[in-house]
1. Can you give the extra length, in nm with one decimal, that the chain gains between I58 and L70 once fully stretched, where that is 0.36 nm per residue apart less the Cα-Cα distance?
2. Provide the gained length on full extension for the span E29 to T15, in nm with one decimal, where the gain is 0.36 nm per separating residue minus the Cα-Cα distance.
3. Could you provide, to the nearest whole Å², the per residue accessible area of the chain with probe 1.4 Å?
4. Helix 50-60: angle to the longest alpha-carbon principal axis of the chain, degrees 0 to 90, nearest 10?
5. To the nearest 10 square angstrom, how much accessible area does E29 have with a 1.4 angstrom probe?
6. Please report the accessible area of T25 (heavy atoms, 1.4 Å probe, ligands and nucleic acids excluded) in Å², nearest 10.
7. Tell me, what % of the accessible area of the chain is carbon and sulfur with a 1.4 angstrom probe?
8. Rounded to the nearest 500, what is the 222 nm mean residue ellipticity of the chain from helices alone, with -39500 (n - 2.57) per DSSP H run of 4+ residues and division by all residues?
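The values are calculated or read from the model by the stated rules, or taken from the named source; none is laboratory data. Since we're looking at a predicted model, the values are computed, not measured. Side chains are part of the model used for accessible areas, which takes the heavy atoms of the whole protein and leaves out ligands, DNA and RNA. Shrake-Rupley method; radii C 1.70, N 1.55, O 1.52, S 1.80 Å.
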Amino acid sequence: MLHDRFDRDQHELLTRQLFSIRQQTIVSEYVKCFTELVDQLSACSNSTNPVYYTMHFIDGLKPEIKAIVL
């Protein structure tokens, strides 16, 4: 029961971080933080479609970089 409760809480926390992560400095720093977050989420569940992460990654980029990527 303990394992189920805290794993779920950790997954929810990581998912919330994924929804709020934004590029604040250079792209390489954003990539590093985003990758670490995705790695942690993948450890909790490997059923997420890669397109899901791609969309969140692009959405978190600064507007001028996002426009170029899109």
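1. Details: separation 12, 0.36 × 12 = 4.32 nm, distance 0.80 nm.
Between I58 and L70, full extension yields 3.5 nm more.
2. Working: separation 14, 0.36 × 14 = 5.04 nm, distance 1.94 nm.
Between E29 and T15, full extension yields an extra 3.1 nm.
3. 75 Å²
4. The angle comes out at about 50 degrees.
5. 80 Å²
6. Its heavy atoms expose roughly 80 Å² to the probe.
7. 60 percent
8. Working: 4 runs with 55 residues, N = 70.
For the chain, the value works out to -25000 deg cm²/dmol.
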